[in-house]
Each structure stands twice: as structure tokens, then as C-alpha cells.
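Below is one structure, written out as C-alpha cells; the observations come after it.
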Amino acid sequence: MQPTYLPWIGYFDMIDQVDTFVFLDDVQLVKRSWGVRNRIKTPQGELMLTVPVRKTKSREETFYSNAKINYEEKWTEKHLESIKRAYSKSSNFSEFFPVIEKLLSAKYDTVAGLNISIIKTFAGLLGLNTKFLRSSDLSGIEGAKDERLVSICKKINAGYYLSARGSAEYIERNNPGGAFSKNGIELYYHNYVHPIYKQLSGNFIPFMSVIDLIFNEGLENSLEIIRSGRREPVHFKNIKNFVSESQ
């Protein structure tokens, strides 16, 4: 998957379910994607935090791995101040805020560098032992979309692939299972029901950054809460029925 900025908890559930997680960092960074933004909860509701990127290449040539972060906009200070205001009254603030502060103040050169460091740090704090790889470090990867994903699977000898639900739109477009079924790789889709946990103020808002969970519930409870939303992955042969029943 693309390395997301301050991902939601379902991202970490996917990491927890696999042996190897590949950061798809040599693909186009789409403007206003989750690669450069995510949400936290404030007393006024959700707030979007966005990482500015320098315009040094054409959009088609701007990948996660080469997209330069623009530190001239002082976004680090703004994000840290917003996070502090949102979560300073949480019982886990003094323990966890220094971790966030160190990560955001490190001044990583690229979007991939920043996001991967954040994700790997959070995974470690949560106690996940998944192996991480970057697609940009793998040689001989070919194709686009599901063909590219299959090429990565073959490169690392993976016979099972867990996909985000949203990817079904392009994977299943031409034939069931897309390139995976053609190449004998078992394809399943992530099946997740967002759990409810305690938040500081107002009604519960789902799909916030994982830091919302950790600030509110602490590291000891967070992994158990993340796993509580997990449901049996959906095999590609059943995905169309599953999606129609869910609507």
C-alpha cells in the first residue's frame, strides 16, 4: 500500500494480518491523497492536517519516493500545535506527544521517508512484528495497477495477497481476481468494522488518525481495540456479493 500520512487504525490492522508489508512508494503521489494528509479530532470536530509538497516535477513524475516536502511553510509547527490543542487533556498525552514531536521535527526529505518512519514507529509501539519493504528497493518490478502488485508478490514469493477494499474497483474490472487469479495468487480483501473507543469530547467520530486512538486509549489498549474491528477477509470470488450486501 502507499505510505499514508498518520494512517487510520484499519491500515495497522492490515499490517498486523500479513507477514510482509510492502510500501508502494514508487507510484504517483496524487494531489490531496492520504499520502499527504489525515484527520484528527478536536473539540470543534475533525481537523485535516496536510503536508505541503514542493512543485519540482510534473504531477505524473511526482512519486512518494521523490516528492520533496516543503518545510518553508512551517507546517511541522502547525501540526504539532494542532495535535497539542486536540489531545493535551488526554491521559496519555505526556507519554505519546514527545514521540510525535520527534517524528515530525526530523525533517525528512521526501513524503515516503516521513510516512514510512511514522508508520514503522507506530507499528513498533503497537507491538507489530511485520516485515517491511519498499517497492522502490525491489528490482525488476513491471506493469501497472494489479499487474504491478502481482509482480511485487512474485518478487517476494508471496502466494497470498490482502488488498484494501477500495482496490477492488480496478482489480476486478476486467475479470474476477484480476491479474492475481491469472497468476495463481490467492486474493482476499480487507474486511474491517470500525470499533468505537473513548474520545475526549462530543460524539464518536470514526476514521481519525491512529494517534487519536493512542492518545485516548493508550498503547496497552490500542492494539486490542484495533484487532476488535477485524472480520474474516473476503475472497475475491465473493467480493461482488459482499459489496452489494454491505450497501
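Every number in this text was worked out from the coordinates using simple rules, so none of it is lab data. On a predicted model such as this, the values are computed, not experimentally measured, just so you know. Ideal geometry is used to build each Cβ from the backbone, glycine not excepted, and the neighbour counts take in all protein chains shown.
See the values below:
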quantity: Where Ser88 falls short, out of the listed (1) small (Gly, Ala, Ser); (2) over 21 Å from Gly10 (Cα atoms); (3) in contact (Cβ under 8 Å) with a residue 12 or more places away in the chain; calculated: (3)
quantity: Helices (runs of 4 or more DSSP H) lying entirely in segment 72-141 (those with 3 or more residues that are touching a strand residue (DSSP E or B) at 6+ places or on another chain (Cβ under 8 Å)); calculated: 75-87, 111-126
quantity: Neighbours by Cβ (under 7 Å, 6+ apart or cross-chain): first from segment 43-55, charged (D, E, K, R); second in a strand (DSSP E or B); calculated: Glu46/Arg39; Arg54/Lys68
quantity: Failed item in (1) over 21 Å from Tyr64 (Cα atoms); (2) free of Cβ contacts under 8 Å to residues at least 40 places away in the same chain; (3) outside any loop (DSSP other than H, G, I, E, B), with Leu162 passing the rest; calculated: (2)
quantity: Candidate set: segment 120-164, residues that are among the acidic types (Asp, Glu) and surrounded by 13 or more Cβ atoms within 10 Å (Cβ to Cβ); chosen: the one nearest to Ser222 (Cα to Cα); calculated: Asp146
